[in-house]
Amino acid sequence: MSRDIDTTPLRRHTAVSADGTPIAYRTLGAGPGLILVGGNLKTSEDYLPLASSLASSFTVHVVDRRGRGDSGPQGPGYSLAREVEDLRAVQEATGARLAFGHSYGGLVILETARSFPLFDRIAVYEPGVPCAPVPTAWMAPFRERLAAGDDYGAFIHFIQGSGGAPDFMAKLPHWYLRMVFRIAFRGAAWQRMRPLLGACLAEHEQLAAQYGRLPEFADVTAPVLILVGGRSKPAHREEFAMLAGTLPSGVLRTVDGLDHMGPSERKAAPAVAERALPFLL
């Protein structure tokens, strides 16, 4: 990608949501305002490479959703509706009319756009709008392991049960995955992820509750680009095609060589930005 990467210092800001929860966001770049909302088990830190790739064309506001970073906690009344209120608060504070969402963050943006015409154009990467039932059998053992302080055990139940992992991984024994994960997940990314395991469960409970609501997203009137990783499961790609067909102005595009985590991976982020830029400009 030929565009220069933004190297200006991050500016830190906070908006206040309707229930009083502070929602932190980092700003970089120059140009039209673009709000970037990330996915499950991720913080704004994970999306800075993507934000930097977009910052030569936009003023990018990278949100820490509630329950992570410098934002306030999810709270006992957590729901998708609270996330919508949070996004509305950031949009009001920034005036941004463009949005990019990844996974659960894509669901938040599309759910917001259903009722509030805040955005002129929206790009989402594999948004969490369920077109098929969301697996839930992993949630009870996940909750038990988390309560016992066994973070690796909880994470294994999530990876094997939530439907996102490669099929071969679902068949591996827990003892083997525990050994592998203790080696593979121990750096800065894991340290950011561990405190988000509880939020992971609450967010997936909300995801499961959205099944059956696909027709409601026909209320999104803004043009929407749906990006899909070429390495994602065929069944998941079919679901994103269903969503694109439901949106009045939905466009589906594939980013070859990437999987679901593309926007939060440093090496893949420029390719994601390159596909989103022509649509958002």
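A simple packing score, the average count of other Cβ atoms within 10 Å per residue, orders the peptides 167-173, 262-268, 243-249 as 262-268, 243-249, 167-173, with the highest score first. Treating the angle as unsigned and between 0 and 90°, give the value, to the nearest 10°, between the Cα long axis of helix 104-115 and the longest Cα principal axis of the chain. Computed tilt is about 50 degrees. Working from Cα pairs under 8 Å separated by at least six residues, relative contact order for segment 175-281 is 23 percent. Of the peptides 85-93, 128-136, the ranking by mean beta-carbon count within 10 Å, highest at the top, reads 85-93, 128-136. Among Met139, Met261, the sequence by solvent-accessible area, most first, with a 1.4 Å probe is Met261, Met139.
Normalised by the number of residues in segment 1-138, the average gap of Cα pairs under 8 Å and 6 or more apart makes the relative contact order 25 percent. Extension gain, Ala218 to Thr136, is 26.9 nm, computed as 0.36 nm per intervening residue step minus the present C-alpha separation. For Arg97 and Ala209, the difference between the fully extended length at 0.36 nm per residue and the C-alpha to C-alpha distance is 37.5 nm. Add +1 for every Lys or Arg and -1 for every Asp or Glu among the other residues with Cβ under 14 Å from the Cβ of Ala18, and state the total. Result for the local shell: -2. Solvent-accessible surface of protein heavy atoms, probed at 1.4 angstrom with all chains present, puts Thr94, Thr27, Thr221 in the order Thr221, Thr94, Thr27, largest first. Carbon-plus-sulfur accessible fraction, segment 225-277 (probe radius 1.4 Å, protein heavy atoms only): 50%. Here segment 1-91 has 51 percent of its accessible surface on carbon and sulfur atoms, given a 1.4 Å probe and all protein chains in place.
Note on Ile23: accessible area approximately 0 square angstrom, rounded to 10, probe 1.4 Å, nucleic acids and ligands left out.
In order along segment 118-127, the phi-based Karplus estimate (6.51 cos²θ - 1.76 cosθ + 1.60, θ = phi - 60°) of 3J(HN,Hα) comes to 8, 10, 7, 8, 9, 10, 10, 10, 6, x Hz; Gly and Pro are listed as x. Label-to-label distance for Val180 and Arg237 is 2.3 nm, based on points extended 7 Å past Cα in the beta-carbon direction.
Tell me the relative contact order for segment 95-204 as a rounded percent, counting alpha carbon contacts under 8 Å between residues six or more apart. Can you show the working numbers first?
On the way: 99 pairs, mean separation 22.0, N = 110.
Relative CO of segment 95-204 lands at 20 percent.
Modelled spin-label separation between Glu265 and Ala18, with each label point placed 7 Å from Cα along the Cα-to-Cβ direction: 3.7 nm. In this rough spin-label picture, where each label sits 7 Å from Cα along the Cβ direction, the Ala148-Asp256 distance is 4.7 nm.
The values are calculated or read from the model by the stated rules, or taken from the named source; none is laboratory data. The model shown is predicted, which means the values in this text are computed figures rather than measured ones. Quick reminder, even Gly has a Cβ in these numbers, built from the backbone with ideal geometry, and neighbours come from all protein chains shown. The area values use the complete protein model at the heavy-atom level, side chains included, leaving out ligands, DNA and RNA. Shrake-Rupley method; radii C 1.70, N 1.55, O 1.52, S 1.80 Å.
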